[in-house]
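The values are calculated or read from the model by the stated rules, or taken from the named source; none is laboratory data. Every value quoted in this text rests on a predicted model; they were computed, and no experiment measured them. Counting neighbours? That spans all protein chains shown, and the Cβs are built from the backbone with ideal geometry, glycine included. To get the accessible areas, we keep the full protein, side chains included, count just its heavy atoms, and leave off ligands, DNA and RNA. Shrake-Rupley method; radii C 1.70, N 1.55, O 1.52, S 1.80 Å.
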Amino acid sequence: MKKIWKCIVHLLKIWLLYAAICLVIPPLFHKSAVKEITSPYPAPDRMAQERVLSIDNNMDALLWRLRLIEAAQERVVLTTFDFRDDNSGQDIMAALLHAADRGVEVQILIDGMNGSLWLKDSRNFQELAVHERVEVKFYNPINLLKPWRLNYRVHDKYLIADDFAYILGGRNTDDLFLGNYADSYNEDRDILVYETIPGEGSSYVQLQEYFEQIWNLPCCKPYKSYGNGRGNLEEHYQEIGDKYPDAFIEPEWGDITVETNGIELCTNPVEPENKEPVLWDRLVSEMKQEKDILIQTPYIICSRNMYQDLIDISAAGSKVEIFINAVESGTNPFGCTDYLNQQRNVRKTGGYIYEYLGEQALHTKTIVAGNNICMIGSCNLDMRSVYLDTEMMLLIDCPELNESIRKQAEGLEGESRMVSPDGVVVEGENYQSVNQNIFKKIFYGVLRVLIIPFRHLL
């Protein structure tokens with residue numbers, strides 16, 4: 001018996017070594033984009049105008065999702081990186097189940113790792129998934145026989161309601177991003193796109209085609225429910241009506257949205273493999289054509305090529321300002337420690353870094369360039385977003401949206417510590433420093449060393 005156990009232990013060690021090699025080595029070899037960068041917008045007379053609303057508040061983000069689901073008559077598509085059976089997650093599940101009950105076809109695509117970890121044993125999710133009008137798939141679910149594929153995740157976050165509107169941005173479907181259920185949460189941004197002529201907008205057509213492409217991939221596996229499908233969603237739906245009556249009121253779309261001159265959907269390749277940085281190259285190409293670049297990202301974890309791209313943008317005469325979370329906030333320990341390791345390289349880009357230390361952490365992925373262009377979506381300023389995960393950003397030509405985001409950034413400056421390219425540090429008028437305790441300093445000190453071989457996976 002002891003020999004059998006020893007054999008099992010040896011096999012397990014061999015598998016762990018094999019898995020570690022598969023996880024760490026292949027992503028080291030970054031590809032270059034070969035896709036030609038084209039003009040972002042179709043001719044104005046070829047596509048219907050699309051109008052937008054920026055959703056910058058977590059409560060509004062939940063209400064607008066509920067509104068779109070409630071207004072849908074034929075089809076709802078939800079794609080998300082993370083979906084939890086918590087308060088806001090149950091709000092969304094209950095609304096989707098009620099939509100299915102009234103005849104709406106519902107399709108849900110979830111990152112396979114998060115879906116496997118958080119939803120497989122959820123009775124509420126099972127109740128939703130077993131409905132005859134609901135289809136659920138997991139993108140690239142965990143397969144221990146193929147450890148080399150574990151790195152590749154779907155990081156897209158969007159909701160489509162029929163052919164009249166969709167929401168796309170950086171928010172997951174849980175209490176950290178939706179509603180006011182958590183005392184500590186992430187501040188983020190979504191864009192609601194309204195179709196003035198249903199189904200005729202350029203970005204809407206692109207998004208539909210993108211969803212069909214990824215939905216039909218062999219790596220997207222149907223979710224199989226092994227539970228009894230008995231949750232409390234029907235009862236919860238009644239509670240939603242009492243709690244959020246505004247979610248059941250049809251909005252005046254023309255009043256709450258603003259005009260755009262065009263919207264382009266930009267995405268990464270969708271296969272679960274090392275990716276060409278098509279999306280990143282598209283964003284860089286746009287930034288090089290504009291002045292006064294403002295970037296909002298939770299953290300910076302760049303490759304050499306990404307650093308060089310940022311250097312080239314600054315060298316072209318653009319002033320580049322990058323807002324990230326301050327290390328003291330500790331919202332993402334890997335992003336914080338990599339920034340501590342890479343501060344010299346970050347300064348070499350020529351950008352002015354604003355280390356934000358507000359009450360809540362920033363999770364926003366936004367770039368504004370010049371006076372017109374806004375790029376908003378799910379893509380972080382890191383190697384995982386550029387080379388490993390599926391990602392999407394909307395390129396929006398809208399002076400009014402551009403101006404509003406810049407005004408919001410002015411408020412963030414006051415709660416930030418600005419580090420200039422020459423290393424000069426200036427604290428904003430409302431910046432309040434936080435002293436780290438000795439345990440956190442030790443933790444960061446150790447982690448700074450441990451992450452070095454794995455920073456391309458963070």
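Of all alpha-carbon pairs in region 130-217, indicate the percentage at a distance above 19 angstrom. Could the numbers behind the result be given before it?
Values: 2194 of 3828 pairs.
Tail of P(r) above 19 Å: 57 percent of Cα pairs.
If you look at just the Cα atoms of region 304-411, how large are its Rg and its Dmax in Å?
In Å, with Rg to one decimal and Dmax whole: 14.2, 38.
In region 219-378, what percentage of the DSSP-assigned beta bridges are antiparallel, given to the nearest 5?
Around 45 percent of the beta bridges assigned by DSSP in region 219-378 are antiparallel ones.
If we restrict to alpha carbons, what Rg and Dmax does region 395-458 come to, in Å?
Calculated on Cα positions, Rg and Dmax stand at 17.7, 47 Å.
If you look at just the Cα atoms of region 350-458, how large are its Rg and its Dmax in Å?
Considering region 350-458 through its Cα atoms, Rg and Dmax are 16.8, 47 Å.
Take the Cα atoms of region 354-407, find their three principal axes, and give me the spread along each one in whole Å, biggest first.
Principal-axis extents of the Cα atoms in region 354-407, largest first: 33, 29, 14 Å.
In region 49-128, carbon and sulfur make up what percent of the accessible area (probe 1.4 Å)?
Numbers: 990 of 2450 Å².
So the carbon and sulfur contribution to the accessible surface is 40 percent.
Could you put LYS157, LYS348, LYS137, LYS2 in order of accessible surface area, largest first, with the 1.4 Å probe and the full protein assembly present?
Values: LYS157 5, LYS348 125, LYS137 30, LYS2 165 Å².
These residues rank, largest area first, as LYS2, LYS348, LYS137, LYS157.
Ordered by residue, what ³J(HN,Hα) values in Hz, to whole numbers, does region 288-293 give under the Karplus form 6.51 cos²θ - 1.76 cosθ + 1.60, where θ = phi - 60° and Gly and Pro are x?
Per-residue couplings from phi come out as 5, 8, 10, 10, 6, 8 Hz.
Could you tell me the ratio Rg/Rh of region 243-311? Both radii from Cα atoms, Rh via Kirkwood.
Radius of gyration relative to Kirkwood radius: 1.13.
Where both residues lie in the chain, what percent of DSSP beta bridges are antiparallel, nearest 5?
65
Output the peptides 21-33, 57-69, 367-379 sorted from most to least packed, where packing is the average of other Cβ atoms within 10 Å over each peptide's residues. Can you show the working numbers first?
Values: 21-33: 14.0, 57-69: 21.6, 367-379: 23.5.
Ranking the peptides 21-33, 57-69, 367-379 by packing returns 367-379, 57-69, 21-33.
Might you tell me the accessible area per residue for the chain, computed with a 1.4 Å probe and given in Å²?
Counting only protein heavy atoms, the per-residue value for the chain is 45 Å².
List the residues whose amide H sits under 5 Å from the amide H of GLY262, counting only those 5 or more places along or on another chain, with H placed 1.01 Å from N in the peptide plane.
Here ASP397 satisfy the definition.
Once the Cα gyration tensor of region 31-170 is diagonalised, what are the square roots of 5 times its eigenvalues, in whole Å and ordered largest first, as equivalent ellipsoid semi-axes? Intermediate values should be presented prior to the final figure.
Numbers: eigenvalues 141, 117, 39 Å².
Gyration-tensor ellipsoid for region 31-170: 27, 24, 14 Å.
Among bridges DSSP assigns within region 298-417, what percent are antiparallel (round to 5)?
60
With Rg/Rh (Cα atoms, Kirkwood Rh) defined as stated, name the option among (1) 0.97; (2) 1.15; (3) 1.00 computed from the structure displayed.
Of the labelled values, this structure produces (1).
Out of the total accessible area of region 301-458 (probe 1.4 Å, heavy atoms of protein only), what percent is carbon and sulfur?
Of all accessible area on region 301-458, carbon and sulfur atoms account for 50 percent.
So how do 310-316, 383-389, 446-452 stack up, highest first, on mean other-Cβ count within 10 Å?
Result, highest mean Cβ count within 10 Å first: 383-389, 310-316, 446-452.
Cα centroids of region 351-400 and region 90-147: how far apart, whole angstrom?
So the two Cα centres are separated by 28 Å.
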